[in-house]
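Asker: Okay, here's the structure, questions in a sec.
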Number of protein chains: 2
Amino acid sequence: MTKNVVIHEVGPREGAQIEDPPIPTAAKVALSDALSETGLESIELVAFVSPKWVPAMADAEDVLARITRKPGVRYTGIYLNVQGLERALKTDCAIEGHLSISASETFGKRNTNRTREEALAAQPEFIAAYKAAGIPVDTVLVSAAFGCNFEGYIPLERVTDTIARLIAIADEHGERIAHVKLLDTMGWANPEQIRRTIDAVRTRWPHLEIALHLHDTRGLGLANANAALHEDVRRFDSAVAGLGGCPFAAVKGAPGNITTEDFAFMCEEMGISTGLDLDKLVACAALAEEIFGRALPGHLSKGGLFRAKRPVSWVQSIA
Amino acid sequence: MTKNVVIHEVGPREGAQIEDPPIPTAAKVALSDALSETGLESIELVAFVSPKWVPAMADAEDVLARITRKPGVRYTGIYLNVQGLERALKTDCAIEGHLSISASETFGKRNTNRTREEALAAQPEFIAAYKAAGIPVDTVLVSAAFGCNFEGYIPLERVTDTIARLIAIADEHGERIAHVKLLDTMGWANPEQIRRTIDAVRTRWPHLEIALHLHDTRGLGLANANAALHEDVRRFDSAVAGLGGCPFAAVKGAPGNITTEDFAFMCEEMGISTGLDLDKLVACAALAEEIFGRALPGHLSKGGLFRAKRPVSWVQSIA
């Protein structure tokens, strides 16, 4: 089992993108600033997508301009096409060169308006844009990697095939892939599937570092994360207060990403270091509930952290 | 990993006992009748406790008299003292002879108004009452077995010591203990603690069948349950829609027990048989939300079951 994890916070972007009416820019800035003080190394704030499709993200550049930047913290955004990447490049958000595709044809089409083959064919455009900006392409992302609300479960072979094709495209353009992120976009994974998928990817590409982006849509999020910890995965996305969901995923009102403070708590309770301040994260979850104006899925803010009741000896005894 | 699990549904009792004002008797009966059709083998409906302390349970006998009994289903209730047991014996609820105590002195005192030594000293009274009714005493229960909101974490040695003392009391009275149920009453366990606790109990008492009663207070419920599945535990308590909580546990509004439909879903997705109808359980969760008049913690009813999208081949491939 891994001894430490690195958490990429995606709550501000995941949460804000599904809001209608949109969250005020000042509130997004306040959440980012509070999260910056928790020990997080990277925070995903915005999506560079068309305001026509996601009005809640129209203020992406404005959010990035107004946040207080904590030294050592990377502030990131997502994009689904090269126009989005070009917008991101004009801001000072941190950009990681990556290729990304859905393992599910139907979900990919809904999310990016492209078939799988069209999406694969579009990857060289991304590579050219990264190259022009001097950014190495070292990561591949596979969304809907475990199942899809439209297509059902995704066979493991499709995941490995997708990774292989993205690596091949990178190779053709002289880029070396070192990281793979698997996204359980619609919450289809189970712990056994996590274990087998990680095994298969690692067996075929031992040099790739695996990251997971897990959703808690059907309640299995932390069980899946724990299965991955046992497979020595140490990079995870999660969202404060369990913010998140996907506007193109067929279910409205479903729970979102795994909850940052719950996941970090689980890790710390098992002696796995997160580098995060759990008390401050719980305060951020409360702030998120205030901003979003509703009860959010995270447990720790309701169940209580009881740090004073947890002696260091416990963690020492279990680590 | 176990190939099948047996779930004891505790939602009606866990949920109803914390309601103020109390849930109407007819609604309790409706929930019981719906749950009876899901394949559950046992359903915990009531607590035989003083209406002065838990007014919501004043109709315990009435609930048991009015439900429709499905053949093969056991309908049960809990009690915290011999008066409660005597009340239960006058009804036709299923009664399992058991000895029960809290691993936490403080929680035990709040829950039963007895110190740990007083509670131990009271066990022979229970045995006498069971003997008089012709019911063998074959089970020990340890509540707050992993941690306590008042005392903090519970050392493993206190759990094994508690089990040993209860077994010794049973032995003195000629009763043979075959089952132990460990209750994470306030949601303190983590997967690694689950693993170590089960290991320790099984090493010392290989003949005991272990059952778990897990709460999802701080989000780790299903991760803990999965850890137990890997240790070949096959008996679990859970609550439809994630009902539950404890009136004496220091946190109001915290999430309740692990959710029956989410847990059963996790099992079935991994090829572990539950014998339950997931669609009917999701419908029961919706009924529970209607009865309790609020959103309940369960995920599956919000995230979607998508059974039609899940081919049998998937379960076969993973089983």
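What follows draws every value from the coordinates through simple rules; no lab data is involved. Here the structure is a predicted model, which is why all the values come from computation and not from measurement. FYI the Cβ positions are ideal-geometry reconstructions off the backbone, even for glycines, and counts take in every protein chain you see.
Asker: Mind checking B:220-233 for the average number of partner chain beta-carbons within 10 Å of each residue's beta-carbon? Write out the running numbers ahead of the final one.
Answerer: Working: counts 12, 4, 10, 14, 4, 1, 9, 5, 0, 3, 4, 0, 0, 0.
Mean number of neighbouring Cβ atoms from other chains: 5.
Asker: Report, ordered by chain and residue number, the lysines lying within cross-link reach of residue B:90, taken as a straight Cα distance under 24 Å and ignoring same-chain residues fewer than 8 apart.
Answerer: Leaving aside lysines fewer than 8 places away in the same chain, those within reach of residue B:90 are B:28, B:52, B:70, B:131.
Asker: Relative contact order of segment A:96-234: what whole-number percent is it, with Cα pairs under 8 angstrom and at least 6 residues apart? Show your work: numbers first, answer last.
Answerer: Numbers: 236 pairs, mean separation 32.3, N = 139.
This gives 23 percent for segment A:96-234.
Asker: Return the sequence-ordered ³J(HN,Hα) values of segment A:295-307 in whole Hz as given by the Karplus equation 6.51 cos²θ - 1.76 cosθ + 1.60 applied to θ = phi - 60°, using x for Gly and Pro.
Answerer: Couplings: 5, 9, x, x, 8, 4, 5, 9, x, x, 7, 6, 4 Hz.
Asker: At q = 0.09, 0.12 Å⁻¹, what log₁₀ I(q)/I(0) does a Debye calculation on the Cα points of the protein assembly as shown give, no solvent, two decimals?
Answerer: -0.73, -1.21
Asker: Using helices alone, I'd like the mean residue ellipticity at 222 nm for the protein assembly as shown: each DSSP H run of four-plus residues gives -39500 (n - 2.57), total over residue count, nearest 500.
Answerer: On the way: 26 runs with 268 residues, N = 638.
The helix-only estimate for the protein assembly as shown comes to -12500 deg cm²/dmol at 222 nm.
Asker: Using all C-alpha to C-alpha distances in segment A:121-265, build P(r) with 10 Å bins and read off the rounded percent in each one.
Answerer: 12, 39, 33, 15, 0
Asker: What does the convex hull of the Cα atoms come to per residue for chain A, in Å³? Walk me through the intermediate numbers first.
Answerer: On the way: hull volume 39.0 nm³, N = 319.
Taking the convex hull of the Cα positions in chain A, it is 122 Å³ per residue.
Asker: Build a GNM of chain A with springs between Cα atoms under 10 Å: which of A:176, A:110, A:307 gets the top mean-square fluctuation?
Answerer: Among A:176, A:110, A:307, the largest mean-square fluctuation in the Gaussian network model of chain A belongs to A:307.
Asker: Only Cα pairs within less than 10 Å get springs; with that Gaussian network setup on chain A, which residue of A:15, A:304, A:77 has the largest fluctuation?
Answerer: Per the Cα network of chain A with a 10 Å cutoff, A:304 tops the list.
Asker: When the convex hull of the Cα atoms of segment A:35-127 is projected onto a plane and the area is averaged over all directions, what value comes out in nm²?
Answerer: Details: hull surface 26.5 nm².
Taking the Cα atoms of segment A:35-127, their convex hull projects to 6.6 nm² on average.
Asker: Next up: Suppose R0 equals 56 Å; then what is the FRET efficiency for residue B:52 and residue B:178 from their Cβ-Cβ distance, rounded to the nearest 0.05? Mind showing how you got there, number by number?
Answerer: Numbers: r = 35 Å, r/R0 = 0.63.
Approximately 0.95, to the nearest 0.05.
Asker: Give me the percent relative contact order of chain B, please, defined on Cα pairs under 8 angstrom at least 6 residues apart.
Answerer: Working: 628 pairs, mean separation 62.6, N = 319.
Value for chain B: 20 percent.
Asker: OK, next. Above 19 angstrom, tally the Cα pairs of segment B:251-314 and express them as a % of all pairs, no decimals.
Answerer: Working: 661 of 2016 pairs.
When every Cα pair of segment B:251-314 is considered, 33 percent fall beyond 19 Å.
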